[in-house]
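Reading through the structure tokens given below for one structure.
Just so it is clear, none of the values below were taken in a lab; they were calculated from the coordinates. In this text, all values refer to a predicted model and were calculated from it rather than measured experimentally. All Cβ positions, glycine included, derive from the backbone under ideal geometry; neighbour counts span all protein chains shown.
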Amino acid sequence: MRYLITGGAGFIGSHLAEALVARGDDVIALDNLSTGRRENLAGIGDDVELVHGSVLDALLVDELMARSDIVIHLAAAVGVRLIVERPLRSLITNIRGSENLLEAAHRYRRKILIASTSEIYGKNQRASFREIDDQVLGSPSVSRWSYSTSKAVDEILAFAYHRERQLPTVIVRLFNTVGPRQTGAYGMVLPRLVEQALRDNALTVHGDGRQTRCFCHVSDVVAAMLLLLDEPKAEGDVFNIGSSEEVSILELAKRVIGATGSRSEISLVPYDEAFGEGFEDMRRRVPDTSKLRSLTGWKPSHSLDGIIAEVVSDQHTRKAEQAAWR
Ligand SMILES: NC(=O)c1ccc[n+]([C@@H]2O[C@H](COP(=O)([O-])OP(=O)(O)OC[C@H]3O[C@@H](n4cnc5c(N)ncnc54)[C@H](O)[C@@H]3O)[C@@H](O)[C@H]2O)c1
């Protein structure tokens, strides 16, 4: 099979490409290299064709769709900082880009998997989220909610294409996904804390640090996506993907210091200072993945400490490679 992965040179996209090539499939990666990097695909070789272009280019999307059998749509403006700083670009990329992909998938009758996010649940306060739970958001005048809103529009469009046009769609709501090759440059917490620790800089933790998250290894996330794509009963439906090992961000920072042997201290930074006035964060974000597990048998296989060790080792390797280039 030939898979088209939009955002294929990004963090998750490059791991997906690697997994598909390893099982004998061909991959076309469409990426504008805004947050992704060509080097992310360097280890895979000739089985991936990287096309440098945008999902906003409808003609290009049409051409690549015609040459592919299945589509995985990951390209998006990602990360809270990017979205707060550039809400307009985020909205256009996430909404128009998905519209282009769904339209073209419909034109050629291609199965399409769309990456959504746990941000869909907004500030809903449930202890753990099921796919049917409410989207609870603040005012549309607050940029923070534009990411959640744009991904909700993507989901609604995908559901509509499935119901009205019988397009085979699958939606996945990803919770915090981490692992090698993720960059801290756009505010993603684990790689950023590891970068700070390796430089012996203070580890910056937002708010009181008692907010909790669940971190899932990217290879577990990729495995779940592939299981869902191979399962006809997943079509027309939405699935949470994430780990349920919950950790506070303060505890995460302490474990990163332990894993790196760093001399860094932890510095608490108020949300207003980090993201501007009025920023709201969620205290907890725990997925209920029973729907995914009962359909596919999936469960995550990596512990948080194992993941931290891998991210530290990945950053050591990258630092050494950069030093060798200089
Ligand atoms: N990493 C997470 O924790 C997480 C959580 C929830 C949802 N997601 C979703 O997973 C997907 C992949 O995220 P990621 O973590 O790999 O981030 P990433 O930034 O590494 O990947 C996004 C990729 O899309 C590319 N891109 C952006 N705009 C584009 C455009 N107009 N045309 C073509 N390519 C474009 C970027 O260059 C990048 O390679 C995104 O849709 C994101 O919303 C990720």
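What to note about this one:
- Mean sequence separation of contacting Cα pairs (under 8 Å, at least six apart), scaled by the length of the stretch 203-298, corresponds to a relative contact order of 48 percent.
- Residue-span extension gain [ARG89 to GLU231] - 0.36 nm each, minus C-alpha spacing: 47.7 nm
- Shown for SER34, SER14: other C-beta atoms within 10 Å of each C-beta, ranked fewest to most, produce the order SER34, SER14.
- When +1 charges are put on Lys and Arg Cβ atoms and -1 charges on Asp and Glu Cβ atoms, the dipole computed for the stretch 165-212 relative to its Cα centre reaches about 300 debye.
- The value of relative contact order for the chain, using C-alpha pairs under 8 Å at least six residues apart, is 16 percent.
- Normalised contact order of the stretch 4-93, rounded percent, pairs of Cα under 8 Å and 6 or more residues apart: 32 percent
- In this structure the amide hydrogen of ILE28, modeled in the peptide plane, comes within under 5 Å of the amide hydrogens of TYR3, LEU4, ILE5, GLU49, none closer than 5 places in sequence on its chain.
- Simple label model, 7 Å out from Cα along Cβ direction - SER303 to ASP62, nm: 5.4 nm
- Three-way shape call for the stretch 83-147 based on the alpha-carbon gyration tensor, with the a/c threshold at 1.5: oblate
- Residue-wise HN-Hα coupling along the stretch 303-308, computed from phi with Karplus coefficients 6.51, -1.76, 1.60 (Hz; x: Gly, Pro): 8, 4, 5, x, 5, 4
- For the stretch 104-149 and the stretch 1-69, distance of Cα centres in Å: 24 Å
- Between the stretch 264-285 and the stretch 161-239, the Cα center-to-center distance that results, in Å: 20 Å
- Separation of the HIS316 and ALA22 label points, Cα + 7 Å toward Cβ, nm: 2.2 nm
- Mean Cβ count within 10 Å, highest first, over the residues of peptides 38-44, 238-244: 238-244, 38-44
- Counted by neighbouring Cβ atoms within 10 Å, the residues THR296, THR93 run from fewest to most as THR296, THR93.
- Dipole moment magnitude, nearest 20 debye, the chain about Cα centre, only Lys, Arg, Asp, Glu C-beta charged: 280 debye
- Only helices enter this figure: runs of n ≥ 4 DSSP H residues, each worth -39500 (n - 2.57), summed and divided by the residues of the chain, yield -13000 deg cm²/dmol at 222 nm to the nearest 500.
- Cross-link pairs beyond the 28 Å C-alpha cut-off, checked among LYS123/LYS291; LYS233/LYS299; LYS254/LYS291: LYS254/LYS291
- FRET E, pair SER141, ARG210, Förster distance 35 Å, beta-carbon r, rounded to 0.05: 0.80
- Each of ILE171, ILE70 has some number of other Cβ atoms within 10 Å of its Cβ, and from fewest to most they run ILE70, ILE171.
- Within the stretch 244-326, the GluC sites (Glu not before Pro) that combine a DSSP coil assignment with at most 13 other C-beta atoms in a 10 angstrom radius are GLU265, GLU277, GLU280.
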